[in-house]
1. Considering 182, 270, 260, 249, which residue is in the same structural domain as residue 99 (by TED's automatic domain parsing) and either in a strand (DSSP E or B) or at pLDDT below 85 (or both)?
2. Suppose we filter the range 121-140 for residues that are surrounded by fewer than 19 Cβ atoms within 10 Å (Cβ to Cβ) and either modelled with pLDDT under 90 or under 15 Å from the mean Cα position of the chain (by Cα) (or both); how many remain?
3. Identify the single condition in (1) aromatic (Phe, Trp, Tyr); (2) more than 24 Å from residue 32 (Cα to Cα); (3) in contact (Cβ under 8 Å) with a residue 40 or more places away in the chain that residue 104 does not satisfy, given that it satisfies every other one.
4. With respect to residue 132, is the statement that it is within 27 Å of residue 26 (Cα to Cα), in a helix (DSSP H, G or I) and in the same structural domain as residue 26 (by TED's automatic domain parsing) true?
5. Taking the range 60-79 as the region of interest, how many residues are surrounded by 14 or more Cβ atoms within 10 Å (Cβ to Cβ), under 18 Å from residue 148 (Cα atoms) and either outside the structural domain of residue 105 (by TED's automatic domain parsing) or charged (D, E, K, R) (or both)?
6. Against the definition (more than 13 Å from residue 286 (Cβ to Cβ), touching a Pro at 6+ places or on another chain (Cβ under 9 Å) and aromatic (Phe, Trp, Tyr)), how does residue 220 come out, yes or no?
7. Condition (residue is surrounded by 15 or more Cβ atoms within 10 Å (Cβ to Cβ), at pLDDT below 80 and of a type in the set (Phe, Trp, Tyr)) applied to the range 83-96: is it met by at least one residue?
8. Taking the condition of being over 29 Å from residue 209 (Cα atoms) and not aliphatic (A, V, I, L, M), how many residues in the range 76-122 meet it?
Amino acid sequence: MAQQNPKQNVINMIAESFDPAAPNLVRQMFNAAGARAPEVIWSPSDIEIRNPLLREFAAVCRVLAREDGSLPDTDINLDHFGDLKEWIMMIEPVEGDDDFLYTYYGEGIAQHYGRDMTGQKSSQFGGHIGPFITGLYSAMLERGEVVYTEHEPPQNVFVRAWQRYIVPRSDDTGKTTGFLALNVPENELRAGLELMIDPVMVVSEDEKIVYANRAAQAMFKLPAVRRDEAFQQATGMPLDVHRTPLEMLAQHRVEDSVQLTIRDTIVERLVMTVSAAQYKDTAYYVVVMRLIGT
């Protein structure tokens with residue numbers, strides 16, 4: 001008797017569970033990972049697409065689409081999508097394998113996720129996300145239908161939820177040959193920190209950077225697609241706190257210190273303000289740095 005492939009069993013069950021009559025497997029898998037069940041809406045109406053960027057993407061796709069709603073699998077000029085390009089993904093099934101390859105992975109997605117998946121497969125996502133995404137794409141191959149999804153990423157990804165609008169691409173016979181997707185992060189905390197002029201970092205209890213806004217990336221010359229680097233290694237400064245982020249949060253503590261940093265061979269002083277914030281049931285340090293001169 002041929003031995004069954006456990007990975008394939010999981011993918012098949014997940015693909016089947018996108019049938020509204022049997023959604024329990026996906027729910028159980030996400031709940032076991034400490035996340036709420038994802039939302040999956042087939043052929044969504046505009047009112048069901050809650051993100052304005054996804055609605056804009058859907059509108060452009062409808063202009064380019066065939067009568068059945070799919071996109072031609074000929075070359076697509078991503079410049080048609082303007083600033084949405086950095087949130088676009090292109091996905092193709094791997095021939096002879098139950099897997100899917102990312103042939104284009106927007107810079108904005110890579111920065112938020114912390115990894116560029118161009119040339120990588122959907123099964124290479126860790127934990128429950130790999131089977132979920134692979135199962136979803138497998139179901140799309142069968143249905144040839146537009147889908148909207150929202151799901152929580154793993155704890156170490158500084159995004160509250162990913163919202164996606166995925167459109168099938170098809171050949172002249174109507175066979176689905178791949179997908180074009182817009183994948184945008186939804187994160188109230190991060191959006192506010194990006195607007196700040198001062199460098200800001202969110203740091204875990206073990207002093208690893210989980211997020212740095214654009215000002216912090218520029219000041220410390222941090223790669224955009226990278227996270228989990230030690231704070232002191234990245235900045236050359238100690239974090240200099242004596243309480244856990246949970247203790248600081250409970251006590252409403254804010255700690256200020258004056259630190260020295262070197263920029264372009266010039267030693268400058270800055271005020272480092274450390275507070276704490278809760279995000280997805282975990283407390284983090286929030287570090288704000290303000291230059292005060294040489």
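The values are calculated or read from the model by the stated rules, or taken from the named source; none is laboratory data. Small disclaimer: the values here were computed from a predicted structure and weren't measured. For neighbour counting, all protein chains shown are included, and Cβ atoms are generated from backbone atoms with ideal geometry for every residue, glycine included.
1. Working: 270 fails: in the same structural domain as residue 99 (by TED's automatic domain parsing); 260 fails: in the same structural domain as residue 99 (by TED's automatic domain parsing); 249 fails: in the same structural domain as residue 99 (by TED's automatic domain parsing).
Checking each option against the conditions leaves just 182.
2. Summing the residues that are surrounded by fewer than 19 Cβ atoms within 10 Å (Cβ to Cβ) and either modelled with pLDDT under 90 or under 15 Å from the mean Cα position of the chain (by Cα) (or both) in the range 121-140 gives 4.
3. (3)
4. Answer is yes for this residue.
5. Residues flagged as surrounded by 14 or more Cβ atoms within 10 Å (Cβ to Cβ), under 18 Å from residue 148 (Cα atoms) and either outside the structural domain of residue 105 (by TED's automatic domain parsing) or charged (D, E, K, R) (or both) within the range 60-79 amount to 0.
6. Values: more than 13 Å from residue 286 (Cβ to Cβ): yes; touching a Pro at 6+ places or on another chain (Cβ under 9 Å): yes; aromatic (Phe, Trp, Tyr): yes.
Taking the combined requirement at face value, the residue satisfies it.
7. No - not one qualifying residue is present in the range 83-96.
8. Going through the range 76-122 one residue at a time, the tally reaches 13.
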